[in-house]
Amino acid sequence: MQKKLPFSSYLVIGVMLFALFFGAGNLIFPAQLGQYAGTNLWPAIIGFLITGVGLPFLGILAIGFSGSRNLQDLASRIHPLYAVIFTALLYLTIGPFFAAPRTGAVAFDIGIAPFIGEGNLQVASIIFTLIFFGVTLWLSLNPAKIVDRVGKILSPGIIILLLALLVMVVVKPMGAMESPQEAYASGAFMKGFTEGYNTMDALASLVFGIIVINVIQSMGVTSKRGILAATAKTGAVATAFLAIIYVGIAYLGATSTRMLGLFDTGGPVLSEASTYYFGTFGLVMLAVVIILACLTTSIGLMTACGEYFHMLMPKISYKMFVTFFTTFCFVVANFGLANIITYSIPVLMFLYPLAVSLMLLTFASPLFHHSRLVYVSATVVTFMISTIDGLKTLCDSLKIDYFGWMSPIVSFYERALPFYSQGLGWLLPVLAIMLVTGIVARLQGPIIVKAKAKA
């Protein structure tokens, strides 16, 4: 008889998954969205929840549904070489390129900067991030139970502290919502939708899903149906906590602009709000919790990246990879949070469509007999559109002209692809090519078209 877990187990695993997801971006982006969306908060936060909560939940389910050993195994349904490149790029994105340096930058912005004079911020940032990533390196090289213990205590602590702050925001808001800024004035939903990419949780879900499944299996659930059901329930717990916190922080941001003014990033919004509601004690408590949360996230990301790349290139030691990655993070973190965000957005505009198309292909896979034809065709179409989207976003972010060869392609995409201006030009072509090639695969039958798939 298949073992059925009690609700308490789903809650424990769900909180663990929340801790894995919860990092720097989960705080700063909804706060910034709230400030800039103003009176258009609700359509903006709905768009944000679709990509910031819905897609991570979809990613967790996709891994559970696929039966794959890991992300590289799943992506190999397209091609083994593509699987290595895609998985490596995803690990680098949620690791040393963007997400891991961001943990140090956010920890400094929220936890340290409010206590430092304006003229000393750069020096203080260098000293803090040196210590922050030094500790990350030390604990990544010497895995200890202290990290797990801090994480188990910290996750409920973060939830309680943030909920206390958000209750105060609802009971006693700082002010009325102001008029929306920039893109939120006319396209709040789609702006919120693309802002949800910045959390990077949908990418991370393709890595974290395996961790959740291993925990579920260790508790005695072994059937595919049981694993999928348990994954769905634990994913629902984690994403529900994320959704509540996102909505609350966004509302905090939207009601703070009259009192606090507009900030370039969301970090100062939380520190200023904590001071407003709870005084210095609240600011200190927030600083301690956020620094520890960012530190445990940083350690987890460095450990995961080090293990993956050591598996990929076993001749280079795990310690060498972790040392290189943490040093790289220290350098990137000192370019500042705003710069990290600016350069991460083009990469996410390129990578997100590829990740989401892989999720869609995973769920539809049994319908087309796991045909590699469908996987390859859909991925090629996604790649052709998302590559241009990434380059276009990079040019827009840097305020430079498009490359000469890009302009005709961008013009064609704008004319021919529905929703292209909203960043979703890839969606309908991918669904169309999946339908056409899926019909071909069905007509050929499962014996002729055979791919390495478990689901």
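The values are calculated or read from the model by the stated rules, or taken from the named source; none is laboratory data. Model, not experiment: these values are computed from the prediction. For neighbour counting, all protein chains shown are included, and Cβ atoms are generated from backbone atoms with ideal geometry for every residue, glycine included.
Observations
- Within segment 328-373, the only residue that satisfies the criterion of being modelled with pLDDT of 95 or more, surrounded by fewer than 19 Cβ atoms within 10 Å (Cβ to Cβ) and either among the small types (G, A, S) or under 18 Å from V207 (Cβ atoms) (or both) is A364.
- Qualifying residue in segment 278-297 (condition: farther than 25 Å from I131 by Cα and in a helix (DSSP H, G or I)): yes
- Filter result (of a type outside the set (S, T, Y) and under 21 Å from the mean Cα position of the chain (by Cα)) within segment 386-414: D389, G390, L391, L394
- Conditions (1) of a type in the set (S, T, N, Q); (2) touching a Cys at 6+ places or on another chain (Cβ under 8 Å); (3) without any contact (Cβ under 8 Å) to a residue 40 or more places away in the chain; number of the one not met by N120: (2)
- Helices (runs of 4 or more DSSP H) contained in segment 67-117 and holding at least 3 residues among the hydrophobic types (A, V, I, L, M, F, W, C), under 17 Å from E307 (Cα atoms) and modelled with pLDDT of 95 or more: 80-92
- Qualifying residues in segment 1-44 (those that are surrounded by fewer than 23 Cβ atoms within 10 Å (Cβ to Cβ), in contact with a helix residue (DSSP H, G or I) (Cβ under 7 Å, 6 or more places away or on another chain) and outside any helix (DSSP H, G or I)) - the one modelled with the highest pLDDT: L5
- No other residue among P101, P56, P114, P30 is touching a residue at least 40 places away in the same chain (Cβ under 8 Å) and touching a Cys at 6+ places or on another chain (Cβ under 6 Å) apart from P101.
- Among the residues examined, I409 does not qualify as at pLDDT below 90 and not basic (K, R).
- Qualifying position, being in a helix (DSSP H, G or I), outside the structural domain of L58 (by TED's automatic domain parsing) and crowded, with 20+ Cβ neighbours inside 10 Å, among T387, T382: T382
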